[in-house]
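Read through the structure below, which is laid out as C-alpha cells, and then see the notes.
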Amino acid sequence: MSHELALQKGIIARLRSDPATQALLGDRIWDTAPSPPRYPHLTFSRSESRSLGADGGAVEYLLTLTIVSSFQGGEEAKAAMAAVRLCLQDATVEADAVRTVSLGVRFTDVWRSSTGHRTYAVLRVRAVTEDI
C-alpha cells in the first residue's frame, strides 16, 4: 500500500477512535462524502506529497481536511475543528507498515457559505511518514 493511502487510513482510524472527535463527527469521516451527506462531516480534500530522500523512505505530506456543518452559526464547525486538531497534533499514526514521524496541524480557517446554510472549517495537516 502507498504511504498516502496508509496515512489516510491511519488518520481516519485515529479520528474515529478519539472520544471528542467521535462525539462531534461520529462515523462521518470520509474520503468523499456520500450523496446525500450527513452533517457535520469531515472529508479529505487536497493532498500534496514529496519524497524527502531520507533513510526509511520518508515522505512529506500536506493534507487538507474539510469539515462541513449545517448548524446555524460556526460553533459546531469550530468545535469539530478543535477536536481534530487536538487529536492529530504530535500523534503517531500507524497503518499498513507505515507510521508518522511528524504530524501536526499547520493552518486552520472557518467561514460561512454565501447562502449561510453551511459552515466550513479547513485544516491543513503536515505529516512525515516512514516505512516500519
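No lab work stands behind these numbers, since they all come straight from the coordinates. Every value quoted in this text rests on a predicted model; they were computed, and no experiment measured them. Note that each Cβ is placed from the backbone with ideal geometry, even for glycine, and that neighbours are counted across all protein chains shown.
How about the range 70-91: which of its residues are under 15 Å from the mean Cα position of the chain (by Cα), touching a residue at least 24 places away in the same chain (Cβ under 8 Å) and within 11 Å of Leu24 (Cβ to Cβ)?
If the condition is that a residue be under 15 Å from the mean Cα position of the chain (by Cα), touching a residue at least 24 places away in the same chain (Cβ under 8 Å) and within 11 Å of Leu24 (Cβ to Cβ), then Ala77, Lys78, Ala79, Ala80, Met81, Ala83, Val84, Cys87 are the ones that fit.
For the range 84-132, enumerate the residues that are polar (S, T, N, Q) and either under 15 Å from Thr64 (Cα atoms) or assigned to a loop (DSSP other than H, G, I, E, B) (or both).
Gln89, Thr92, Thr108, Ser113, Ser114, Thr115 - these are the residues of the range 84-132 that are polar (S, T, N, Q) and either under 15 Å from Thr64 (Cα atoms) or assigned to a loop (DSSP other than H, G, I, E, B) (or both).
For the range 8-43, what are the residues that are out of contact with any Leu (no Cβ under 8 Å at 6 or more places or on another chain), surrounded by fewer than 17 Cβ atoms within 10 Å (Cβ to Cβ) and among the hydrophobic types (A, V, I, L, M, F, W, C)?
Ala13, Ala23, Ala33
Quick check on the range 25-44. Is at least one of its residues in a strand (DSSP E or B), aliphatic (A, V, I, L, M) and either closer than 12 Å to Leu7 by Cα or touching a residue at least 40 places away in the same chain (Cβ under 8 Å) (or both)? Working first, answer last.
Here is the first cut: in the range 25-44, the ones in a strand (DSSP E or B) are 29-30, 41-44.
Imposing the further condition that a residue be aliphatic (A, V, I, L, M) reduces the set to 29, 42.
Still in the running and either closer than 12 Å to Leu7 by Cα or touching a residue at least 40 places away in the same chain (Cβ under 8 Å) (or both): 42.
Checking the range 25-44: at least one residue is in a strand (DSSP E or B), aliphatic (A, V, I, L, M) and either closer than 12 Å to Leu7 by Cα or touching a residue at least 40 places away in the same chain (Cβ under 8 Å) (or both).
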